[in-house]
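To keep things clear, I will list the structure first and then write my remarks on it.
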Amino acid sequence: MSNLGSEMKVKPGSLLSIGDLTSEEVVGLVRRASELKHRLSEPISSRPSSWKSGSVVALFYENSTRTRLSFEQAARALGLSFSAMEVRNSSIEKGESLRKTSETLSNLGYDVVVLRHGGEGVPIQVDRWISPAVVNAGDGCREHPTQALADAFTLQESFGGLEALRGKRIGFVGDVLHSRVARSNIALLSSLGMRPMVVGPPHLMPKYPRALGVEVSYDLDSIVGELDVIYLLRLQFERFSDPAAIDPGSYAARYQMNARRLARLRKEIILMHPGPMNLGVEVDGAVANSSVMLADEQVRSGNVMRMAVLERALGRGGE
Ligand code: CP
């Protein structure tokens with residue numbers, strides 16, 4: 001069984017990049033998340049006892065609402081213990097290094113470390129230092145694998161199964177330069193037979209956008225009508241060296257999803273956004289709250305998909 005692309009040595013159970021997974025594992029995770037979704041609607045007393053051992057710690061050096069809390073929800077739903085280490089209140093503030101912090105979590109006996117960090121590749125390094133499984137909850141602009149898995153789950157539910165994704169066109173629109181969500185999704189959705197592309201202004205594209213391995217467009221209006229899914233990306237102002245150089249008004253004029261552009265889309269169009277949204281910039285309020293926007297479903301998918309990812313991290317594929 002070959003994986004989707006990574007050549008790096010990764011501990012069993014760790015998830016650092018989409019390329020760590022085999023196609024079979026992707027299908028298995030989607031199937032398992034689907035089963036878990038149904039199990040969650042059953043009374044707690046009928047849930048399997050095998051869900052009840054293991055400990056998870058979240059170590060987030062960057063802010064988060066959805067990812068951190070959905071890992072917490074996922075761990076608690078599986079009956080696992082969950083701790084969130086507040087970087088601000090920890091010995092990191094006294095100068096303790098990332099390595100020593102990670103080793104301390106390992107010595108404290110956690111089974112899984114869920115790590116978000118601004119440095120690209122940091123979870124790969126931490127995975128080599130410690131024995132618990134490491135799950136990447138976002139590293140800089142590189143990867144956000146559990147977001148991509150949750151998005152694939154949302155898409156297959158919306159289209160009626162994984163097979164139905166084949167040939168569908170999805171455009172990642174906006175701040176492609178800083179988007180770990182787009183990078184993980186491009187790798188994952190391509191492997192599932194979708195046809196991703198990126199759309200945005202040249203200054204929000206990587207230096208060599210074609211190295212992403214997908215079609216590139218700088219003109220949203222010329223391609224919106226051809227897409228099955230439009231995935232709006234957040235302008236990540238906090239990652240720009242000079243946020244004042246970005247003009248949200250001129251960006252919105254060419255790339256914002258608003259009622260005028262929505263009217264030109266296919267009737268069955270699906271819109272996605274990983275959150276949090278800059279309302280009035282990449283999307284206007286009416287479209288953000290419209291029925292074609294799946295952002296709320298994406299959040300809900302995060303819970304069940306992260307349950308499946310935690311089970312994998314603990315070496316359990318099911319009940
Ligand atoms: N999509 C996402 O990663 O959101 P948070 O930053 O709120 O976790």
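All of the numbers you see were taken from the coordinates with simple rules; none came from a lab. Bear in mind the structure is a predicted one, so any value in this text is a computation, not a measurement. Every residue, glycine as well, gets a Cβ built from its backbone with ideal geometry; the counts of neighbours run over all protein chains shown.
A few remarks follow.
- Partners for Lys37 among aspartates and glutamates (Cα-Cα distance below 12 Å; same-chain residues under 8 apart left out): Glu157
- In terms of packing, defined here as the mean over residues of other Cβ atoms within 10 angstrom, the peptides 147-156, 32-41 line up highest first as 147-156, 32-41.
- Lysines with Cα under 21 Å of Lys100, excluding same-chain neighbours fewer than 8 positions away: Lys11
- For Gly167, net neighbour charge (Lys/Arg +1, Asp/Glu -1) across residues whose Cβ lies under 11 Å away: +2
- Cα centroid separation, the stretch 259-319 to the stretch 201-246: 18 Å.
- Derived scalar couplings between HN and Hα for the stretch 57-64 equal 10, 9, 10, 10, 8, 10, 5, 6 Hz in order, rounded to whole Hz, by the Karplus curve 6.51 cos²θ - 1.76 cosθ + 1.60 (θ = phi - 60°), x for Gly and Pro.
- Bridging of Lys168 to lysines at a Cα separation below 20 Å is possible for Lys267, once same-chain residues fewer than 8 apart are set aside.
- Percent antiparallel among DSSP beta bridges (both partners in the chain, rounded to 5): 5 percent
- Under 5 Å, built H, 5+ apart or other chain: amide partners of Ser217: Val198, Val199, Gly200
- Ordering of 118-124, 259-265, 91-97, 65-71 by packing [mean C-beta count within 10 Å, highest first]: 65-71, 118-124, 259-265, 91-97
- Residues whose placed amide H lies under 5 Å from that of Gly121, excluding near-sequence neighbours: none
- Residue-wise HN-Hα coupling along the stretch 221-233, computed from phi with Karplus coefficients 6.51, -1.76, 1.60 (Hz; x: Gly, Pro): 4, 7, 10, 4, x, 8, 8, 8, 9, 10, 9, 7, 9
- Residue-by-residue Karplus 3J(HN,Hα) for the stretch 249-265, coefficients 6.51, -1.76, 1.60, Hz, glycine and proline x: x, 6, 4, 4, 4, 9, 10, 5, 8, 9, 4, 4, 6, 4, 5, 8, 8
- The GluC sites (Glu not before Pro) found in the stretch 212-268 that occupy coil by DSSP, while having at most 10 further C-beta atoms within 10 Å, are Glu268.
- Taking a Cβ cut-off of under 11 Å around Ile246, the surrounding Lys, Arg, Asp and Glu residues balance to a net charge of -2, with basic ones at +1 and acidic ones at -1.
- Principal axes of the chain: Cα extent on each, largest first, Å: 54, 46, 36
- Cut-off 13 Å between beta-carbons: net charge of the residues surrounding Ser291, Lys and Arg +1, Asp and Glu -1: -2
- Label sites at Thr22 and Ser290, each approximated as a point 7 angstrom past Cα along Cα to Cβ, lie 4.3 nm apart.
- The orientation-averaged shadow of the Cα convex hull for the stretch 170-277, equal to a quarter of the hull surface, comes to 6.7 nm².
- From the C-alpha gyration tensor of the stretch 106-206, square roots of 5λ in Å: 28, 19, 9
- Proxy reagent accessibility, fewest Cβ within 10 Å first, across Asp175, Asp139: Asp139, Asp175
- Computed from point charges on the beta carbon alone (+1 for Lys and Arg, -1 for Asp and Glu), the dipole magnitude for the stretch 197-288 about its Cα centre is near 80 Debye.
- If you bin all the Cα-Cα distances of the stretch 254-319 at 10 Å, starting from zero, the percentages per bin are 19, 39, 21, 15, 7.
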